[in-house]
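What follows is a short report on a single structure.
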Amino acid sequence: MKLDVLAIAAHPDDVELTCGGTLLKMTQKGYKTGILDLTAGEMGTRGTPETRAKEAATAAKILNVSWRGDLGVPDSDVQPSRQHKLNLARVIREMRPRTVIVPYWEARHPDHYHASTLAYEGCFLAGLKQLPIDGEPYRPFKILYATSFEGMPPTFIVDITKEYETRRKAILAYASQFRPAKSERKQKVFLAIDELDSKMDLLARYYGQMIGVKYGEPFLQKEPLAVDDVVTLPVRSI
Ligand SMILES: [Zn+2]
């Protein structure tokens with residue numbers, strides 16, 4: 001399979017929360033999209049790994065991605081180890097994505113910042129001829145960092161106004177996280193996850209208004225953006 005965009009993140013639902021609208025928008029443009037979850041999310045405060053796997057499959061269907069995989073890294077122990085990087089490089093060689101979306105490199109959760117390093121270094125290794133894994137050497141062209149939760153100024157924002165409602169459905173597919181059983185409601189979690197729906201709305205509106213639309217998703221890239229035509233640049237300055 002040849003993917004145009006592959007989004008990599010630590011836990012199932014991370015991709016939906018940070019770049020689900022963008023993936024959906026790219027699918028609607030005719031691009032092939034995919035998601036690689038590094039872990040199965042088995043350390044989640046609520047629900048079982050089986051439930052999360054089912055929810056991840058439902059969310060993937062809602063976002064209309066062509067492929068979703070799980071790298072089998074233990075949840076809460078994401079590390080950029082040699083073995084994980086080789087496994088990730090194998091996926092990159094198989095899926096051959098042109099653009100890869102990874103988490104921003106700083107985060108509260110260690111799995112998230114380790115996921116960023118693991119994803120970047122796995123993509124790099126995939127291009128090395130002498131790597132002791134099968135498949136044709138291949139390196140993605142573009143690495144984008146999803147910065148939704150991190151608050152630094154993004155390089156660009158994708159307008160996801162049309163995709164927002166479907167992204168919301170994909171997020172809410174993780175019912176075990178968002179609609180816990182009554183007996184579980186008193187559990188303490190860092191994020192008041194039951195309120196995440198309204199928080200996600202607020203966050204997407206915040207980034208949307210920066211570019212003059214209703215909802216947006218922010219991204220950062222390390223290299224500058226090239227511009228050909230300064231006359232038709234979008235987003236009003238004054
Ligand atoms: Zn996560």
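Data table
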quantity	calculated
Residue in region 91-105 that is within 14 Å of Pro12 (Cα to Cα) and not aliphatic (A, V, I, L, M) present	yes
Index of the failed condition, Lys169 passing every other in (1) open to solvent by 40 Å² or more (accessible area, probe 1.4 Å); (2) modelled with pLDDT under 85; (3) in a helix (DSSP H, G or I)	(2)
Residues that are within 19 Å of Trp67 (Cβ to Cβ) and either open to solvent by less than 10 Å² (accessible area, probe 1.4 Å) or among the charged types (D, E, K, R) (or both), drawn from region 119-138	Ala119, Gly122, Cys123, Ala126, Asp134, Glu136
Thr51 over 19 Å from Pro140 (Cα atoms) and not small (Gly, Ala, Ser)	yes
Residue list for region 148-166, restricted to those being assigned to a strand (DSSP E or B) and either open to solvent by 40 Å² or more (accessible area, probe 1.4 Å) or among the polar types (S, T, N, Q) (or both)	Phe156, Asp159
Every pair of residues 6+ apart whose Cβ atoms lie under 6 Å, when the first sits in region 115-137 and is under 20 Å from Pro74 (Cβ atoms) while the second is open to solvent by 60 Å² or more (accessible area, probe 1.4 Å) and modelled with pLDDT of 95 or more	Ser116/Trp105
Pairs, first within 16 Å of Leu71 (Cβ to Cβ) in region 10-21, second hydroxyl-bearing (Ser, Thr, Tyr) and more than 9 Å from the ligand (Cβ to nearest atom), C-beta under 8 Å, six or more apart	Pro12/Tyr174; Asp13/Tyr174
Matching entry among Tyr104, Tyr145 (being within 14 Å of the ligand (Cβ to nearest atom) and surrounded by 17 or more Cβ atoms within 10 Å (Cβ to Cβ))	Tyr104
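The values are calculated or read from the model by the stated rules, or taken from the named source; none is laboratory data. Fair warning: this is a prediction, and the values are worked out from it, not measured in the lab. So basically every Cβ, Gly included, is an ideal-geometry build from the backbone, and we count neighbours across all protein chains shown. Calculation scope for accessible area: heavy atoms of the full protein, side chains included, ligands and nucleic acids excluded. Shrake-Rupley method; radii C 1.70, N 1.55, O 1.52, S 1.80 Å.
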